[in-house]
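Any read-out appearing in this document is the output of simple, stated calculations on the displayed coordinates, not a laboratory observation. All values reported here derive from a predicted model rather than from experimental measurement. Every residue, glycine as well, gets a Cβ built from its backbone with ideal geometry; the counts of neighbours run over all protein chains shown.
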Ligand SMILES: NC(=O)c1ccc[n+]([C@@H]2O[C@H](COP(=O)([O-])OP(=O)(O)OC[C@H]3O[C@@H](n4cnc5c(N)ncnc54)[C@H](O)[C@@H]3O)[C@@H](O)[C@H]2O)c1
C-alpha cells in the first residue's frame, strides 16, 4: 500500500537509564499528574519520588475492567489532573490512556466502547499522557487504543481515538529487568505477534514493513536470551525496542486472527494476553499459510511469511518460521489454551467472539468457522 497515514506518540525517548528524564518530561506537560502504576508501585518508588508532591497515585491490580476504569476516571477528576502517567505493564498503560481520555469526555465508558457499546467517537481530546512501559510486549506506549475487560460481557474490548496516542513514550529497558521469565515470555511473544500480524496484513505500509522487519530481528536476537537470563540488558533492550516497533506497526496497519481470538479468550479466561497470543501463534500461522496457498500459491503474504522466517531465525522460508515459533513457544514453556483456562466446551463461543472482533479484518485471508475451530484444537 503506498497511500497511507502514519501516526505515533508525540515524542519517543528510548534507552537504558532514560527513566531519569521523567521529571523534566512531566514539567513540560503539566503540574498535577495522575500516576497509574501496577499492583506493586514500590518497585518504582525512587522514580515516583522524583515527581514532586502534587501527584495522585492510583494502582491497577490486573488487566483493567470497566468498573476499575470508571473509578479511576472519578479519582483523576477529583485530583483535577492535567496530565496522566502510566508506569507499568500494558495493563497499566492502557488504564492511564483510558482514564486520560475519559476524564475529558462526558458520557459513560460503555458509550465509547466497540462491540459491547455504541462505539461513539471520543470527541474531546485526551489529557496529555506519558507512557512508561515496565514490560516489553504490548507497545501500548505508541498505540491509539486502550483495552478494557467487561466481566459482565466476558470480553475485552478497545476504546480508540487518535488523541489516545501518548504525548511521550518513555522506554527504558532497565525498567524491565525485574520481569520474571513467565512475564518475559508472554510479553515477548505478544511483541512477536504484533510484528508478524501487521507484516502479513493487507493494510501493511512501507513504514510498518520496515518497523516489523526490525522488530522481528530484535525478537529473534533477544527473546530466548532475555528468558534465559533476565539480567541481560542487551537482550532486554532488543525486546523493549521490538515491543515499541510492534506498537507503531499495529497502530498503523491491522492485526490478524491471533488478536481476533485474543480479546474474546482473554474475556472468557482472564489469562494473560501475551500467553494467549503465544498459544495461538503457530497454529494460526499454519492455517493462514495453508489457506493462502489454496487461494493463490503466488499470494504476496506467503513471501512475507517466508521473509519473517529469515528475520527471526536467519533462514528464509515458512518452514524455518514455523519451526522457530514452535521451538520458542515450547522453550519458553507457554501453556496451551486448556492450560490457560479455556475448556473445549467454550471453543465454539471463542470462535463466535473472534468472528466479531475488529482485528480479524486484518488477517491476510478470510477464515471460516471450521478453520477457526481447527486453530483452537491445534492450540489446545
Ligand atoms: N493498547 C494496546 O495497544 C495493547 C496492545 C497489546 C496488549 N494490550 C493490553 O496490555 C495488557 C497486557 O500487558 P502486559 O503483557 O504488559 O502485562 P500486564 O500489564 O498485565 O503485566 C503482567 C504482570 O507483570 C507485572 N510486571 C509489570 N512490570 C514488571 C516488572 N518490571 N517486573 C516485575 N513484574 C512486572 C505486573 O504487575 C503484572 O502482574 C492486556 O490488558 C492487553 O489487552 C494493549
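How big is the antiparallel share of DSSP beta bridges in the chain, given as a percent to the nearest 5? If you can, show how the numbers build up before the last one.
Working: 6 of 27 bridges.
For the chain, the DSSP antiparallel bridge percentage is about 20.
Put a dot 7 Å past the Cα of residue 352, heading toward its Cβ, do the same for residue 12, and the two dots end up 4.0 nm apart.
Once the Cβ-Cβ distance of residue 214 and residue 74 is raised to the sixth power relative to R0 = 35 Å, the FRET efficiency obtained is 0.25. If you take the Cα centroid of the range 39-105 and the Cα centroid of the range 223-239, the two points sit 28 Å apart.
When each of the peptides 255-263, 55-63, 371-379 is scored by the mean number of other C-beta atoms lying within 10 Å of its residues, the order from highest to lowest reads 255-263, 371-379, 55-63.
Our summary gives the range 157-304 a relative contact order of 29 percent, counting only alpha carbon pairs under 8 angstrom and 6 or more residues apart.
Each distinct pair of alpha carbons in the range 11-175 adds a 1/r term; the inverse of their mean, the Kirkwood radius, is 15.4 Å.
Percent of Cα pairs in the range 1-83 per distance bin of 10 Å, from zero to the largest separation: 14, 38, 34, 11, 3.
If the chain linking residue 338 and residue 177 were pulled fully straight, counting 0.36 nm for each residue of separation and taking away their Cα-Cα distance, it would gain 55.0 nm.
Here the sum of -39500 (n - 2.57) over DSSP H runs of 4 or more residues, divided by the residues of the chain, equals -16000 deg cm²/dmol at 222 nm, to the nearest 500. Over the C-alpha trace of the range 225-380, radius of gyration and Dmax come out as 15.7, 46 angstrom. Mean sequence separation of contacting Cα pairs (under 8 Å, at least six apart), scaled by the length of the range 178-235, corresponds to a relative contact order of 43 percent. Normalised by the number of residues in the range 11-175, the average gap of Cα pairs under 8 Å and 6 or more apart makes the relative contact order 28 percent. Among beta bridges from DSSP that stay inside the range 130-279, the antiparallel ones total about 75%. Sorting 241-254, 346-359 by average packing, meaning the other beta carbons within 10 Å per residue, from highest down gives 241-254, 346-359. Per-residue Cβ neighbour counts within 10 Å put 130, 12 in the sequence 12, 130, beginning with the fewest. Ranking of 176, 8 by neighbouring Cβ atoms within 10 Å, starting from the fewest: 8, 176.
By how many nm would the segment from residue 111 to residue 290 grow when fully extended, if each residue of separation counts as 0.36 nm and the alpha-carbon distance is taken off?
Numbers: separation 179, 0.36 × 179 = 64.44 nm, distance 3.96 nm.
Stretched fully, the residue 111-residue 290 segment lengthens by 60.5 nm.
Treating the Cα atoms of the range 253-305 as identical point scatterers in vacuum, please give the log10 of the normalised Debye intensity I(q)/I(0) at q = 0.19 Å⁻¹, two decimals. Values, matching the q order: -0.69.
Scale the Cα Rg of the range 167-302 by the rule-of-thumb value 2.2 N^0.38 Å and send over the ratio, two decimals.
On the way: Rg = 15.2 Å, N = 136, 2.2 N^0.38 = 14.2 Å.
The value comes to 1.07.
Packing, as the average of other Cβ atoms within 10 Å across residues, places the peptides 22-31, 160-169 in the order 160-169, 22-31, highest first.
Please report the base-10 log of the normalised intensity I(q)/I(0) for the chain, using a Debye sum with one equal scatterer per alpha carbon and no solvent, at each q in 0.06, 0.15 (1/Å). So the normalised log intensities work out to -0.20, -1.34.
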